[in-house]
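Reviewing the structure listed below.
Read-outs: derived from the displayed coordinates by stated rules, not from any lab. As the structure is a prediction and not an experimental result, all values here were calculated from the model. For neighbour counting, all protein chains shown are included, and Cβ atoms are generated from backbone atoms with ideal geometry for every residue, glycine included.
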Amino acid sequence: MDNIIPQPPTFAAVARGRMQCQVLRRQNRRVKPSIPKPMPSSNHGRTVAVVGATGLVGRTMLEALASRKFPIRELLPVASSRSKGSVIEFKGEAIEVIGVEDAVERRPDIALFSAGGDVSKQWAPAFKAVGTTVIDNSSAWRMDPAVPLVVPEVNADAIGEHLIIANPNCSTIQLVMALKPLHDRFLIRRAIVSTYQSVTGTGQAGINQLEQERAGAEATRIYPHPIDRNCIPHCDVFLENDFTKEEMKLHHETKKILDDAAVQVSATAVRVPVVGGHSESVYLEMERAFSVPDVKEALQLMPGLIIQDDPMSDVYPMPVNSHGKDEVFVGRIRRDLSEEQGLHLWIVSDNLRKGAATNAIQIAEHLQKSGRFRR
Ligand code: 2RA
């Protein structure tokens, strides 16, 4: 069990360290581009487009493609016209960023999207039309009944022959990773979730606001209030039912993935001054009787889930320990004091890795293993 208490990294170190695949802007080029340079070839390698390659999630996708050794024959980094022509570094190669029309013409095997819902709505069908499998990290397709919403450890079977596959929201992915084995064994009837969401969930602009406030500089605000030394119970916009869009994503997506009829989900989503790693306090009520050791056994058997639960030794999941990791961490596992069927959990994961990039690449890995590209 991990009992090391690491020193929290500085904001700048986290932002720097996260990005091995740096974007080297045209005006500050340090690597000579070779346009577009084929990656070292592999017989089974795929042509992979990353749409939104210069954003925080896009850069993490490049990092995860490299660290997970996804077999790539050719990488096509794609970005808006503002970033077109800039250069990214991937596995030591300099590759020029291209526009989305050019990427469609290249008919890649896979297009990983993280460029916002509007771009996904407009361009995913164009890739689909040329036979590309789209794995979309935006919310554009998630609740479309014709599009599978996939966490591979939970519901890889839903992928089938679909050419557009949706990646769930970051806070949903880590939640369903812990809920799935418990639902299978004890039937969850109700989940009440409180999130503690990192500023990286709102991209580089969120990191910038926190860094500027902490440095005492005038901050460019993307949140309606200061985020440093604060918690803001407001992620994304408020809806007519007084929940936020982020809270309703947790509600709808969890039900779609796990069990629409049986599982009820309510959430409060809170932005906290943490750089990297979302945390969730989760209260569950189950239909079937359970013991805490049985719960731990079910969680232990779930691939990609790691139990860190030795509170007497100060061991529990924390966002500082989740940076750059592909797993979901769960701890503080205990029965409720007032409800025999009630259980509490604390769930943490790197929202840019398993919460976005890693999950998308695991879907690509599943496609690769299932032989889709040999057909
Ligand atoms: C957030 N859910 O953390 C977003 C990121 N997908 O705000």
(message) Projecting each Cα onto the charge dipole of the chain (Lys/Arg +1, Asp/Glu -1 at the beta carbon, about the Cα centre), which of 307, 126, 188 comes out farthest on the positive side?
(response) 126
(message) Using the crude model of +1 on Lys and Arg Cβ and -1 on Asp and Glu Cβ, and no other charge, please compute the dipole size for the chain relative to its Cα centre, in debye to 20.
(response) 1560 debye
(request) Pairs of Cα atoms under 8 Å, at least six residues apart: use those to get the relative contact order of the chain, whole percent. (result) 17 percent
(message) Which of 307, 257 has the fewest other C-beta atoms within 10 Å, and how do the rest follow up to the most?
(response) 307, 257
(request) Would you mind pulling out the separation of the Cα centroids of region 86-114 and region 235-266, in Å? (result) 34 Å
(request) Apply 1/(1 + (r/R0)^6) to the Cβ-Cβ distance of residue 121 and residue 221, taking R0 = 25 Å, and write down the FRET efficiency to the nearest 0.05. (result) 0.35
(request) Treat region 103-219 as a sphere of radius equal to its Kirkwood radius over Cα pairs and apply Stokes-Einstein at 4 °C in a medium of 1.567 mPa s; give the translational diffusion coefficient in µm²/s, rounded to a whole number. (result) 78 µm²/s
(request) Based on the mean of other Cβ atoms within 10 Å per residue, sort peptides 83-89, 46-52 so the most packed one is first. (result) 46-52, 83-89
(request) For region 217-310, just say rounded, prolate or oblate: build the C-alpha gyration tensor, square-root its eigenvalues into a ≥ b ≥ c, call rounded for a/c under 1.5, and beyond that prolate if a/b exceeds b/c, oblate if not. (result) oblate
(message) I'd like to compare 232-242, 145-155: which one has the highest average count of other Cβ atoms within 10 Å, and what's the full order after that?
(response) 145-155, 232-242
(request) Give, in nm to one decimal, the length gained when the segment between residue 289 and residue 262 is fully stretched (0.36 nm per residue of separation minus the Cα-Cα distance). (result) 8.1 nm
(request) Would you work out the relative contact order for region 171-351, in percent, from Cα pairs under 8 angstrom that are 6 or more residues apart? (result) 29 percent
(request) Indicate the gyration tensor shape class of region 217-375 (rounded, prolate or oblate), computed on the Cα atoms with a ≥ b ≥ c the square roots of the eigenvalues: a/c under 1.5 is rounded; otherwise a/b larger than b/c is prolate and the rest oblate. (result) rounded
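Could you work out [θ]222 nm for the chain from helices alone, using -39500 (n - 2.57) per DSSP H run of at least four and dividing by all its residues? Round to the nearest 500 deg cm²/dmol.
-8500 deg cm²/dmol
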(message) As an exercise, use a Förster radius of 45 Å and the Cβ-Cβ distance of residue 66 and residue 335 to find the FRET efficiency, rounded to the nearest 0.05.
(response) 0.60
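With the contact rule set at Cα under 8 Å and sequence spacing of 6 or more, what percent relative contact order holds for region 41-172? Provide the component values of the computation, followed by the final result.
Values: 255 pairs, mean separation 27.0, N = 132.
20 percent.
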(request) Provide the FRET efficiency to the nearest 0.05 for the residue 325-residue 105 pair, computing r from the beta carbons and using R0 = 35 Å. (result) 0.45
(request) Measure off 7 Å from each Cα along the Cα-to-Cβ vector at residue 241 and residue 212, then give the distance between these two points in nanometres to one decimal. (result) 3.5 nm
(message) Among 203, 342, 237, which residue has its Cα furthest toward the positive end of the charge dipole of the chain, with +1 on Lys/Arg Cβ and -1 on Asp/Glu Cβ?
(response) 203
